[in-house]
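Enquirer: Here it is, the structure, as C-alpha cells.
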Amino acid sequence: MGKIGWRCNLAVLAALLGLCAAATGAEDQADSKYTQAAAERMIAAAEGGLAPVYAPLAQEITERFDLNDKEGVGIDLGSGPGKLILELCRRTKLHWINADINAHFFPYFMRKAEEADLSGRVSAVRADAQFLPFRNDYAEVVVSRGSFQFWPDKVRAFAEVLRVLKPGGVAYIGRGLPGNMPLEEGGQLRRRHGSGPKYDVNETEKELRTVMTKLSIADYTIRRPRAGNAAGVNYGIWLEFRKPRQ
C-alpha cells in the first residue's frame with residue numbers, strides 16, 4: 001500500500017478514535033450529574049418535606065387502577081429513594097422495580113426495603129427513560145412522579161413506556177401532589193417549599209398532549225388534581241394512558 005493509502009487509513013482511524021473519545025466524554029459528562037451527592041439531596045427531601053406525598057399517592061394509584069390483587073411487575077421510573085415503591089408494595093401484590101438512572105440511590109432503597117421486610121418484593125435497575133432495559137410487553141403498570149420533566153426526549157421516553165407495558169397495561173406519570181391529599185396539608189407542603197417548582201401547568205399539558213399525538217395514543221387522560229382550588233395550591237399534573245389490547 002502506498003504512502004497516500006496509509007495516510008488515509010490513519011486519518012480515518014484518528015477520526016474514529018476522536019468520535020469514540022467524544023462519545024465517552026459525553027457519557028462521562030452526563031454521568032457526572034448522577035452523583036452520590038445528588039442522591040443524598042433527594043433522599044433528604046424524600047425523608048423530609050416530601051414524605052407526606054407517598055402514602056396517599058400510592059393509595060390513589062392502587063385504587064384508581066384496581067391493583068390490590070393484581071400480580072406481575074410494576075415499574076417506578078425515576079423512583080430515586082423508592083419511597084413510593086415501598087408504599088405501593090404495602091398495598092399491592094406486584095413486584096416493583098426501581099428504574100432510575102442514578103444507581104447511587106439503590107443501597108439506600110434496598111436497605112429501606114429490607115427494614116420494611118419487603119426486600120423480596122422489589123428490584124433496582126439502572127435505567128435511562130429513553131432506553132429502558134426491559135423486554136416488550138413486560139409490566140402491568142408504569143408509574144413515575146417528578147421525573148418526566150427531566151427526560152430530554154419525551155417522545156422517545158413515552159414510547160419506551162408504551163413498549164414495555166403489557167397490552168391493557170397502564171401508565172400514570174406526572175409531577176405534584178395526589179388529589180386525595182387534603183387541601184390544608186397540600187398547602188402546608190407547598191408553603192414549606194416556597195409553593196413548589198415553578199412551571200406552567202397549561203404549557204405542560206400542551207406538551208403532554210403533543211407527545212400523545214405524536215405516538216398515536218388516543219386512550220389517555222390528563223389529570224390536574226384540585227385545579228382552580230380557592231387556596232391556589234398547585235397540585236401538579238398527571239398523564240394516564242393504556243396500551244391497547246391486541
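Enquirer: Looking at (1) at pLDDT 95 or above; (2) under 30 Å from residue 242 (Cα atoms), which is the only condition residue 50 fails?
Expert: With respect to (1) at pLDDT 95 or above; (2) under 30 Å from residue 242 (Cα atoms), residue 50 is out only on (1).
Enquirer: With the condition kept exactly as written, say whether any residue in the stretch 74-87 is over 19 Å from residue 175 (Cα atoms) and of a type in the set (Lys, Arg).
Expert: No, there is no match, as no residue in the stretch 74-87 is over 19 Å from residue 175 (Cα atoms) and of a type in the set (Lys, Arg).
Enquirer: Looking at the stretch 61-73, I want the residues that are assigned by TED's automatic domain parsing to the domain that holds residue 143 and in a loop (DSSP other than H, G, I, E, B) and have a partner that is surrounded by fewer than 14 Cβ atoms within 10 Å (Cβ to Cβ) and at pLDDT 95 or above with Cβ atoms under 6 Å, at least 6 apart or on another chain. Which pairs are those?
Expert: These pairs meet every condition: 71/93.
Enquirer: Considering (1) part of a helix (DSSP H, G or I); (2) touching a residue at least 24 places away in the same chain (Cβ under 8 Å); (3) over 20 Å from residue 62 (Cβ atoms), say which one residue 185 fails and leave the rest.
Expert: Of everything listed in (1) part of a helix (DSSP H, G or I); (2) touching a residue at least 24 places away in the same chain (Cβ under 8 Å); (3) over 20 Å from residue 62 (Cβ atoms), residue 185 misses just condition (3).
Enquirer: Quick one: would you say residue 55 is modelled with pLDDT of 95 or more and farther than 22 Å from residue 160 by Cα?
Expert: yes
Enquirer: Could I ask something else about it? Within the stretch 123-145, is even one residue in the same structural domain as residue 41 (by TED's automatic domain parsing), farther than 28 Å from residue 220 by Cβ, in contact with a strand residue (DSSP E or B) (Cβ under 9 Å, 6 or more places away or on another chain) and crowded, with 17+ Cβ neighbours inside 10 Å?
Expert: Yes - at least one qualifying residue is present in the stretch 123-145.
The values are calculated or read from the model by the stated rules, or taken from the named source; none is laboratory data. Note that the coordinates shown come from a computational prediction; the quantities given were computed from them, not determined experimentally. So basically every Cβ, Gly included, is an ideal-geometry build from the backbone, and we count neighbours across all protein chains shown.
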